[in-house]
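Visitor: Here it is, the structure in full.
The values are calculated or read from the model by the stated rules, or taken from the named source; none is laboratory data. Only a predicted model underlies this, so the values are computations on that prediction, with no experimental measurement involved. Cβ atoms come from the backbone with ideal geometry, glycine included; neighbour counts cover every protein chain shown.
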Amino acid sequence: MIKIEKRNDVPMALYFFTPFIAIILTILGGGIIFYILGFNPIEALKFYFITPISNLYGFSELLLKATPLCLIAIGLSFCFKSNNWNIGAEGQLTFGAIVGGGVALLFYNQEGFYILPLVILAGAIGGMFFALIPAILKTYFNTNEILVSLMLVYVSKLLLDYLVVGPWSNPEGFNFPETRQFSDSSRMPLLFEGLRIHAGIFLALAAVMLSWFILYKTYLGFQIKVSGLSLKTAKYAGFKGKTMILVVFMISGACAGLAGVGEITGPIGQLHRMISPDYGFTAIIVAFLGRLNPFGIIFASLVVALTYLGAETAQIFLQIPKYTGQVFQGMILFFLLASDYLLFFKVKILNLKKNELRH
Amino acid sequence: MATDLRISNISKIYPGCIANDNVSLQFKSGKIYALLGENGAGKSTLVKILSGVISPDNGEVFLNEKNLKLSSPLDAKKNKIGMVFQHFNLFETLSVFENLSIDATEDNKSLRLRINEILKKYNFSIDLDVPVLNLSAGQKQKVEIIRCLLRSPKVLIMDEPTSVLTEQETEELFISLKKFCDEGILIIYITHKLKEVLSLCDEVAVMRKGKVVSVSQTQNERVETLANKMVGQKLAKIKKKINISKNKDEIFKVKHLNFYSDDPFETNLVNLNFSVKKGECLGIAGISGNGQNELFQILSGEIITPDTSIIFRNKEIAKLNPKQRREYLMAFSPEDRISQAAVPELKIYENVALNNFKSSNFFEKGLVNEKKIKEHSKKILSDFSVNTDNVELKSQFLSGGNLQKLILGRELITAPELLICYNPTWGLDVGAINYIHETLIKINDQEKSTILISTDTEELLKLSDRIAVIYKGKLSKIMPSVEVTPEKLGVLMGGGSID
């Protein structure tokens with residue numbers, strides 16, 4: 001018979017180590033899948049995890065993909081730590097990109113140092129506003145934030161669709177579903193000639209530092225921590241629960257909005273339908289893989305970014321669809337949850353035979 | 001047929017704690033056995049082993065010399081061991097009959113017939129077709145007992161059965177238990193209430209720290225001797241407080257407290273009016289589930305009710321949240337110390353920071369002042385004799401008594417004018433109870449007031465200056481505690497009336 005018991009005390013070191021176990025298991029699982037598909041697993045994994053970052057360009061691509069993931073995951077960690085399940089970061093990213101992109105389009109034929117900060121600010125505010133919708137509905141009308149935030153993703157995606165084919169489409173664009181190119185003043189400065197990595201990475205790093213400070217050194221962070229562990233206690237302590245829900249959603253939305261604006265002013269340079277390969281959803285995995293810890297999230301965003309790159313390389317060299325990236329992301333989450341389960345519970349196999357012999 | 005239950009060398013070890021250490025006991029039908037011990041003495045573990053909920057690491061259980069394999073509650077049922085837990089396992093929205101038919105093996109008609117026989121035989125008056133949520137705690141317990149009786153048990157184990165009962169219901173229970181005993185059912189009665197052991201049981205086994213420390217005939221024991229065996233030390237008796245405050249200022253006054261809830265599991269409160277004088281302890285008695293939860297939350301500010309007027313030190317505070325009320329020098333100690341008053345995963349000093357005054361400067365300009373919080377926490381740990389000085393310890397590693405001391409210390413170190421506590425000694429051992437009672441008396445001696453909401457009548461009579469009873473959300477008239485007897489309280493708690 002199998003019996004499952006809760007562990008009394010989970011060592012902190014092990015708690016931060018299990019993500020590594022999950023990653024190793026994901027790689028092994030990936031190898032098995034490649035083998036079943038008829039590829040040499042070692043070679044396939046090499047294409048997946050090593051080839052993409054074997055040169056400087058690849059490495060810059062890794063940072064480029066990790067930047068939005070890290071930003072969004074940092075924002076989400078505020079929500080998740082305080083028991084608010086915002087899973088609509090993809091929508092907040094899109095809406096931030098729409099608002100930021102709108103401002104960029106206003107200035108499409110102008111130059112000026114002030115334009116980029118305005119665009120970035122507009123993106124953050126856009127994301128913040130979009131996250132406020134589920135937050136307000138939750139606090140004042142008791143709706144479920146999981147459903148509302150998720151459904152709003154499709155609202156913002158369809159809005160973007162409408163804008164790029166309709167009112168905002170490029171007049172000289174032969175009816176392609178895309179806007180004008182932004183002017184150079186609306187673009188993130190590139191860090192190195194010839195590489196796509198841009199100044200947005202500093203926004204992500206700043207968010208990491210700032211979130212660490214807020215979460216561990218401020219009263220707001222303390223309230224978030226307590227509310228996440230026990231809402232009953234938060235109520236008893238007299239924390240302003242409603243305000244806190246609004247604040248964490250705003251932080252989360254602003255981060256997602258920044259990620260969105262970073263994409264369109266960075267590598268993309270205009271608005272079109274495909275501004276994000278589901279960064280907003282994948283960042284949920286990043287946040288948990290990073291244990292909702294700001295520095296853990298940096299590491300997790302690099303790992304998950306690699307699955308994006310690996311999928312692209314594998315598509316080119318092995319002719320397998322790049323959606324295998326999502327398989328890998330799914331496996332990471334699966335193995336992480338599985339190892340967490342074993343971390344928090346122990347499985348005992350009771351020896352029935354021994355007992356029965358006694359009779 | 002006589003039943004003989006023998007427990008032989010049972011051990012159960014949890015990480016960091018030996019719950020049962022080589023326990024051997026023998027029970028024979030025709031007697032009522034008490035298993036007495038403080039919380040954490042290992043009673044519950046032993047009972048769980050007997051009922052198949054957990055398996056022992058070592059040792060065996062014999063029923064009539066047959067070695068029992070108890071690896072699940074089902075095995076216990078098969079072997080005719082019945083168990084009534086302290087917390088009822090009933091579906092509140094289903095009827096009594098539906099609850100009883102869930103795990104029955106026979107058809108409804110014959111089941112109903114058998115239930116009616118049992119009701120008649122033992123003089124239980126329960127309507128089988130009302131939802132369980134309409135029953136009193138005593139009636140619910142009877143439903144649980146009937147469930148056991150339907151399986152014609154050889155052994156009936158009762159785990160702390162009186163903790164939710166009124167005095168009358170307790171008496172009725174004892175009569176039933178004696179009847180069962182006469183019919184040859186072996187009864188094991190788990191409790192930490194000494195008087196019940198003396199009035200009900202024939203033989204008593206005392207457990208302490210996982211071991212059986214004594215087995216004796218109850219006729220040779222007195223309350224004091226049993227208490228000493230239980231705690232392992234001589235107990236200082238607390239003097240009952242006599243200083244009834246007269247003609248003092250009313251420091252706290254509640255008017256028109258009404259609360260209506262859409263949730264059928266919450267109790268509505270109907271027009272509560274009361275006041276507390278300076279230096280006084282107002283006791284609020286009642287069986288749990290009669291509105292105490294809701295009352296506590298309204299008094300603490302977790303629930304804000306419209307139209308209620310709460311005057312504290314001449315200020316209207318009815319609209320303030322708990323944090324704001326603390327600024328006016330109120331303090332709160334809720335019933336649920338494990339998941340409400342403190343967070344087990346947080347360190348001691350973080351739990352201390354939950355009660356945070358402007359003047360305490362724990363969070364200056366929105367930043368955490370860890371140094372200040374830790375200093376403050378150290379002071380609480382030493383002033384309230386919590387048995388650790390490590391403020392970095394997670395509070396889940398504190399025992400119930402030490403956790404309660406920490407919480408009371410946190411609430412009291414700010415010298416509040418009014419402390420509202422709800423079941424402050426629930427589930428604690430005698431040593432901790434004494435300490436907390438002394439602390440509560442000390443507060444009153446310092447001219448500070450307390451409101452004590454409690455389900456423990458003994459505690460209320462010991463500590464309160466005046467007592468009222470809450471029943472189904474209504475408050476009885478407030479009586480000076482010298483005029484109150486346990487019997488009177490019992491009548492009121494059960495919904496009766498006195499002159």
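Visitor: Can you find even one residue in segment B:437-460 that is assigned to a loop (DSSP other than H, G, I, E, B) and hydrophobic (A, V, I, L, M, F, W, C)?
Guide: Within segment B:437-460 (the criterion being assigned to a loop (DSSP other than H, G, I, E, B) and hydrophobic (A, V, I, L, M, F, W, C)), the answer is no, since none of the residues qualifies.
Visitor: Further, regarding this structure: Can you find, within segment B:333-343, the residue that is farthest from B:Ile451 (Cα to Cα) among those that are touching a strand residue (DSSP E or B) at 6+ places or on another chain (Cβ under 7 Å) and more than 7 Å from chain A (Cβ to nearest Cβ)?
Guide: B:Glu335
Visitor: Select from segment B:347-366 the residues that are surrounded by 15 or more Cβ atoms within 10 Å (Cβ to Cβ), farther than 16 Å from B:Gln404 by Cβ and in contact with a Lys or Arg (Cβ under 7 Å, 6 or more places away or on another chain) and list them in ascending order.
Guide: B:Lys347, B:Tyr349, B:Phe362
Visitor: Another question about this same structure. Would segment B:207-215 turn up any residue that is among the hydrophobic types (A, V, I, L, M, F, W, C), modelled with pLDDT of 90 or more and either surrounded by fewer than 21 Cβ atoms within 10 Å (Cβ to Cβ) or not assigned by TED's automatic domain parsing to the domain that holds B:Leu90 (or both)?
Guide: There is at least one residue in segment B:207-215 that is among the hydrophobic types (A, V, I, L, M, F, W, C), modelled with pLDDT of 90 or more and either surrounded by fewer than 21 Cβ atoms within 10 Å (Cβ to Cβ) or not assigned by TED's automatic domain parsing to the domain that holds B:Leu90 (or both).
Visitor: Checking A:Phe249 against (1) in the same structural domain as A:Leu71 (by TED's automatic domain parsing); (2) not in a helix (DSSP H, G or I), which test does it fail?
Guide: With (1) in the same structural domain as A:Leu71 (by TED's automatic domain parsing); (2) not in a helix (DSSP H, G or I) applied to A:Phe249, the lone miss is (2).
Visitor: Looking only at segment B:474-499, which residues are among the small types (Gly, Ala, Ser) and modelled with pLDDT under 90?
Guide: Those that are among the small types (Gly, Ala, Ser) and modelled with pLDDT under 90: B:Ser481, B:Gly490, B:Gly494, B:Gly495, B:Gly496, B:Ser497.
Visitor: Kindly check whether there is at least one residue in segment A:43-63 that is of a type in the set (A, V, I, L, M, F, W, C) and closer than 25 Å to A:Leu229 by Cβ.
Guide: Checked segment A:43-63: no residue is of a type in the set (A, V, I, L, M, F, W, C) and closer than 25 Å to A:Leu229 by Cβ.
Visitor: One residue is enough: does segment B:377-398 have a residue meeting the conditions polar (S, T, N, Q), at pLDDT 90 or above and within 30 Å of B:Asn258 (Cα to Cα)?
Guide: For segment B:377-398, residues polar (S, T, N, Q), at pLDDT 90 or above and within 30 Å of B:Asn258 (Cα to Cα): absent.
Visitor: Can you find a residue that is in a loop (DSSP other than H, G, I, E, B) and more than 14 Å from chain B (Cβ to nearest Cβ) anywhere in segment A:325-339?
Guide: no
Visitor: Hey, another quick one. Among what's in segment B:353-394 and is outside any loop (DSSP other than H, G, I, E, B) and within 11 Å of chain A (Cβ to nearest Cβ), pick the residue that is nearest to A:Leu229 (Cα to Cα).
Guide: B:Lys394
Visitor: Pick from A:Lys232, A:Lys242: which is surrounded by fewer than 19 Cβ atoms within 10 Å (Cβ to Cβ) and free of Cβ contacts under 8 Å to residues at least 12 places away in the same chain?
Guide: Selected residue: A:Lys232, the only one of A:Lys232, A:Lys242 that is surrounded by fewer than 19 Cβ atoms within 10 Å (Cβ to Cβ) and free of Cβ contacts under 8 Å to residues at least 12 places away in the same chain.
Visitor: Residues in segment A:1-53 that are over 24 Å from A:Ile298 (Cα atoms), exposed (fewer than 12 other Cβ atoms within 10 Å of the Cβ) and within 14 Å of chain B (Cβ to nearest Cβ): how many?
Guide: 6
Visitor: Across segment A:206-220, what is the number of residues that are away from chain B (no Cβ under 11 Å) and in contact (Cβ under 8 Å) with a residue 24 or more places away in the chain?
Guide: Here the count works out to 5.
Yes/no matrix, rows are residues, columns are (1) within 19 Å of A:Gly88 (Cβ to Cβ); (2) crowded, with 18+ Cβ neighbours inside 10 Å:
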position: A:Glu111; (1), (2): no, no
position: A:Ala124; (1), (2): yes, yes
position: A:Pro134; (1), (2): yes, yes
position: A:Leu158; (1), (2): yes, no
position: A:Glu172; (1), (2): no, no
position: A:Arg180; (1), (2): no, yes
position: A:Ser186; (1), (2): no, yes
position: A:Ala207; (1), (2): yes, yes
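Visitor: Right, here's the next one. Among (1) free of Cβ contacts under 8 Å to residues at least 40 places away in the same chain; (2) surrounded by fewer than 21 Cβ atoms within 10 Å (Cβ to Cβ), there is one condition B:Gly52 misses while meeting the rest; what is its number?
Guide: Going through the list (1) free of Cβ contacts under 8 Å to residues at least 40 places away in the same chain; (2) surrounded by fewer than 21 Cβ atoms within 10 Å (Cβ to Cβ), B:Gly52 breaks only (2).
Visitor: Residues being modelled with pLDDT under 90 and within 9 Å of chain A (Cβ to nearest Cβ): count how many of those fall in segment B:295-322.
Guide: 0
Visitor: Here's something else I'd like to know. Do we have any residue at all in segment A:249-262 that's within 14 Å of chain B (Cβ to nearest Cβ) and closer than 30 Å to B:Ser300 by Cβ?
Guide: no
Visitor: Checking the condition over 30 Å from B:Val368 (Cβ atoms), in contact with a helix residue (DSSP H, G or I) (Cβ under 6 Å, 6 or more places away or on another chain), of a type outside the set (Val, Ile, Thr) and in a helix (DSSP H, G or I), which residue from A:Ser211, A:Ser185 passes?
Guide: A:Ser185
Visitor: Specify the residue that is surrounded by the fewest Cβ atoms within 10 Å (Cβ to Cβ); the eligible residues are those in segment B:399-420 that are at pLDDT 90 or above and of a type in the set (Val, Ile, Thr).
Guide: So, considering only residues that are at pLDDT 90 or above and of a type in the set (Val, Ile, Thr), the one surrounded by the fewest Cβ atoms within 10 Å (Cβ to Cβ) is B:Ile420.
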